[in-house]
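First comes the structure, then the notes that go with it.
The values are calculated or read from the model by the stated rules, or taken from the named source; none is laboratory data. On a predicted model such as this, the values are computed, not experimentally measured, just so you know. For neighbour counting, all protein chains shown are included, and Cβ atoms are generated from backbone atoms with ideal geometry for every residue, glycine included. We work out accessible area using only protein heavy atoms, side chains counted, and drop any ligands, DNA or RNA first. Shrake-Rupley method; radii C 1.70, N 1.55, O 1.52, S 1.80 Å.
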Amino acid sequence: MAAARRRLGQFEFTALLAATMSMAALGIDLLLPAFGDIRTDLGLSVDSTAVAGLVTAYFLGLAIGQPVYGPISDALGRKPVLFASFGVYMVGALATSLAPTLPLLLGARFLWGLGAAGPRVITVAIIRDRYEGEEMSRAMSLVMSVFMLVPVFAPTIGAAGISVASWRWLFVACAIAAGLLALWMTRMSETLDPELRGDLNMGRLGRAARMVVSNRQTVGYTLAMTSMYGGFTSYLASSELIFGDVFGVGERFPVIFGGLAIVMGFGMLLNARIVRQVGSARLSHITLMTYVSAAIVLLVASVLGGGAPPLWAFLLVMAVVLFGHALIIPNFNTMAMAPMGAVAGMASSIVGAVQVAAGALLGAVIDRMYDGTVVPFSASLLTCGVVAVGLVIWAERGTLTLARPARQAQPVPSAAR
């Protein structure tokens with residue numbers, strides 16, 4: 001770990017991890033503006049939700065790959081496994097660029113997601129190698145705030161790309177980006193202490209997995225994240241259709257999507273600045289209740305607006321929802337990973353796999369409810385938030401940390417008695 005500090009400054013270390021984690025997001029956000037062209041090329045109707053399967057298939061690959069990469073990285077180290085995942089990522093991206101039909105496109109997207117799982121899960125394990133407690137939450141927020149620049153710029157870049165070339169070239173660009181990032185990664189030293197490496201025998205893996213799934217705090221916060229992630233993945237997959245079909249501002253989609261991503265990025269930067277003063281649990285619990293309140297407002301506005309509230313109102317409430325999501329996820333991740341220092345790779349795999357797989361399936365279910373209005377989407381956000389509240393209360397054995405802890409009274413000096 002000392003070698004990593006000598007070769008990389010803190011800024012470059014954070015930027016490298018953020019770029020590594022962003023490879024998963026790049027595979028989603030870059031293609032969102034291309035959904036219309038993809039529908040046309042594949043002979044689908046202009047309002048078809050079938051292209052949302054490109055997001056779902058990717059997320060499923062992302063989920064299934066994580067339980068593989070994490071334990072292997074616990075045994076072999078983070079870097080060699082990360083390089084292997086970059087290779088799978090590049091093959092998947094290139095295969096997607098060549099797939100001629102929707103079924104083949106979905107299969108290639110699944111493979112691409114398998115490759116994207118490595119950068120995602122190993123980045124979290126690297127952060128756990130280096131940090132713990134509030135410092136881990138702070139580092140996670142910094143990495144994710146830089147990572148949020150991808151949704152800001154990727155849709156605009158994607159829209160510019162499809163204006164001059166086929167949407168398939170967007171996928172080639174992703175493969176090139178993965179290759180360049182792999183070259184940059186050679187500057188980082190291994191972060192996993194050799195003394196902490198284990199072998200890949202099934203007994204040790206089973207014990208590590210049981211340690212993860214038997215911890216109430218880890219399980220509760222993982223499932224709470226999963227519920228929140230379901231609403232978020234639905235937003236990613238259906239936002240292009242909502243803004244274009246419900247609000248009629250499809251031409252402004254990249255700007256709107258990027259603006260809301262900036263809100264999320266700001267939330268994560270704020271989290272990094274205040275989490276040490278407020279605490280991960282208290283900050284995330286207060287934000288979760290705010291999230292639920294905003295979801296209630298959104299549902300009421302959607303119903304009263306006949307399924308289409310004023311655009312400014314929808315954007316305002318969604319900004320609050322996404323800002324809350326940005327504060328909740330890094331802290332929930334910290335709370336889930338906090339007891340798992342001895343098996344960080346396995347824990348990161350299980351936490352990430354459950355969050356992404358179940359979240360993606362939940363998001364797909366929400367997508368299928370789309371009826372030309374935002375009422376089902378709004379109701380689903382509220383439901384996901386309420387379920388998350390229940391799971392957090394279970395993880396915390398019946399309480400939420402909402403108030404600032406009372407200061408303990410100072411003992412009175414004996415001379416003053």
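None of Val81, Val91 is of a type in the set (Val, Ile, Thr), more than 20 Å from the chain's Cα centre (by Cα) and over 25 Å from Ala358 (Cβ atoms) except Val91.
Filtered by the rule that a residue be farther than 23 Å from Met369 by Cα and either of a type in the set (Gly, Ala, Ser) or assigned to a loop (DSSP other than H, G, I, E, B) (or both), segment 15-42 gives Ala15, Ala18, Ala19, Ser22, Ala24, Ala25, Gly27, Leu30.
Quick one: which residue in Leu82, Leu60 is modelled with pLDDT of 90 or more and either part of a loop (DSSP other than H, G, I, E, B) or buried (at least 19 other Cβ atoms within 10 Å of the Cβ) (or both)?
Values: Leu60 fails: modelled with pLDDT of 90 or more.
Just a single option satisfies the conditions, and that option is Leu82.
Pairs meeting the criteria (first residue in segment 167-178 and open to solvent by less than 50 Å² (accessible area, probe 1.4 Å), second residue in a loop (DSSP other than H, G, I, E, B), beta carbons under 6 Å, at least 6 apart or on different chains) are Leu170/Leu30; Leu170/Leu31.
Right, Gly206: surrounded by fewer than 16 Cβ atoms within 10 Å (Cβ to Cβ), among the small types (Gly, Ala, Ser) and more than 20 Å from Ile329 (Cα to Cα) or not?
Values: surrounded by fewer than 16 Cβ atoms within 10 Å (Cβ to Cβ): yes; among the small types (Gly, Ala, Ser): yes; more than 20 Å from Ile329 (Cα to Cα): yes.
Spelling it out, Gly206 is indeed surrounded by fewer than 16 Cβ atoms within 10 Å (Cβ to Cβ), among the small types (Gly, Ala, Ser) and more than 20 Å from Ile329 (Cα to Cα).
Does Glu240 fit the bill of being surrounded by 18 or more Cβ atoms within 10 Å (Cβ to Cβ) and of a type in the set (Asp, Glu)? Judged against the criteria, Glu240 is a match.
Residues are listed down the side, and each one gets a yes or a no for (1) open to solvent by less than 10 Å² (accessible area, probe 1.4 Å); (2) closer than 18 Å to Met140 by Cβ; (3) in a helix (DSSP H, G or I):
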| position | (1), (2), (3) |
| --- | --- |
| Leu270 | no, yes, yes |
| Arg276 | no, yes, yes |
| Thr287 | no, yes, yes |
| Tyr291 | yes, no, yes |
| Val297 | no, no, yes |
| Gly307 | yes, no, no |
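If the condition is being assigned to a helix (DSSP H, G or I), under 23 Å from the mean Cα position of the chain (by Cα) and more than 21 Å from Asn331 (Cα to Cα), then segment 368-402 contributes Arg368, Pro376, Phe377, Ser378, Ala379, Ser380.
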